[in-house]
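Structure, as structure tokens:
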Amino acid sequence: RKEVEQDPGPFNVPEGATVAFNCTYSNSASQSFFWYRQDCRKEPKLLMSVYSSGNEDGRFTAQLNRASQYISLLIRDSKLSDSATYLCVAYSSASKIIFGSGTRLSIRP
Amino acid sequence: DTEVTQTPKHLVMGMTNKKSLKCEQHMGHRAMYWYKQKAKKPPELMFVYSYEKLSINESVPSRFSPECPNSSLLNLHLHALQPEDSALYLCASSQSSGGADEQYFGPGTRLTVT
């Protein structure tokens, strides 16, 4: 079993829709979690950190569920520019930095 | 300024060549990272420098040799690479060491080994 797992997608949704991804992690000692987005042939860019209490940044909401060992990302009112691959990352002092394999999102007009 | 710069953008090298990749950040970050990313795969951690000392080497072959001349600079020296080493090499930095903090990535060097 992979340490960090994501549904690879692709998720193909219309503009304006709400879309959510989950990311599961196997190491219960994981301490920090992040969402990055990566456009084709570009570097990953930090989207947001994920806090235990959940956090929101504009149209984006991230949640952490430690009991079930997953993090989620919700995108509201999706824009064409949200089309990208979304990578979740878990950090633990033991297994260090683990990237999920990414979820591809495509927003259609 | 959350910029990490990397040079060169593209590099083509033969299997007998020696080349170096460079990375620079001026955010005062104390940790710097090298990742390798193959097409349609996530980044794979190679090395972590914390306070200019190598703190993590993820069992990377010795043909890759990292160097941290100072807190702003990170190099990756390449020698006798194989075609399967062709990939995007990403540098990143973070405020503190280990990966617990947000990382900021440079644009990467796209390496082709012929």
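The values are calculated or read from the model by the stated rules, or taken from the named source; none is laboratory data. Keep in mind the model is a prediction, meaning the values are calculated, not measured. No Cβ is skipped: glycine too gets one built from the backbone with ideal geometry, and neighbour counts run over all protein chains shown.
Remarks
Residues checked against (1) modelled with pLDDT under 95; (2) not aromatic (Phe, Trp, Tyr):
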{"position": "A:GLU15", "(1), (2)": "no, yes"}
{"position": "A:TYR36", "(1), (2)": "no, no"}
{"position": "A:ARG41", "(1), (2)": "yes, yes"}
{"position": "A:LEU80", "(1), (2)": "no, yes"}
{"position": "A:VAL89", "(1), (2)": "no, yes"}
{"position": "A:LYS96", "(1), (2)": "yes, yes"}
{"position": "A:ARG104", "(1), (2)": "no, yes"}
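- Exactly one residue among A:LYS2, A:LYS42 is over 29 Å from B:GLN6 (Cα atoms), outside any strand (DSSP E or B) and not polar (S, T, N, Q), and that residue is A:LYS2.
- Subset tally (residues that are of a type in the set (Asp, Glu), over 30 Å from A:PRO8 (Cβ atoms) and part of a loop (DSSP other than H, G, I, E, B)) for the range B:19-67: 1
- Scanning the range A:20-63 for residues that are farther than 18 Å from A:GLY9 by Cβ, within 14 Å of chain B (Cβ to nearest Cβ) and in contact (Cβ under 8 Å) with a residue 40 or more places away in the chain turns up A:TYR25, A:ASN27, A:ALA29, A:SER30, A:GLN31, A:SER32, A:PHE33, A:PHE34.
- Selected residue (criterion: surrounded by the fewest Cβ atoms within 10 Å (Cβ to Cβ)) from residues of the range B:72-89 that are aliphatic (A, V, I, L, M) and within 15 Å of B:VAL60 (Cα to Cα): B:ALA80
- Those residues of the range B:103-114 which are surrounded by fewer than 18 Cβ atoms within 10 Å (Cβ to Cβ) and in contact with a Leu (Cβ under 9 Å, 6 or more places away or on another chain), in sequence order: B:PRO107, B:ARG110, B:THR112
- Residue tally, condition touching an Asp or Glu at 6+ places or on another chain (Cβ under 7 Å), more than 12 Å from chain B (Cβ to nearest Cβ) and of a type in the set (Gly, Ala, Ser), over the range A:64-109: 2
- The lone criterion from (1) without any contact (Cβ under 8 Å) to a residue 24 or more places away in the chain; (2) of a type outside the set (Lys, Arg); (3) out of contact with any strand residue (DSSP E or B) (no Cβ under 8 Å at 6 or more places or on another chain) left unmet by A:ASP77 is number (1).
- Residues considered: B:GLU24, B:GLU67. Of these, the only one that is surrounded by fewer than 19 Cβ atoms within 10 Å (Cβ to Cβ) and farther than 27 Å from A:ALA84 by Cβ is B:GLU67.
- Members of the range B:94-111 that are more than 7 Å from chain A (Cβ to nearest Cβ) and modelled with pLDDT of 95 or more: B:THR109, B:ARG110, B:LEU111
- Subset of the range B:68-88 (residues that are in a loop (DSSP other than H, G, I, E, B) and under 17 Å from B:TYR35 (Cβ atoms)): B:LEU81, B:SER86
- Lone qualifier among B:LYS36, B:LYS40, B:LYS18 - being more than 14 Å from chain A (Cβ to nearest Cβ) and not polar (S, T, N, Q): B:LYS18
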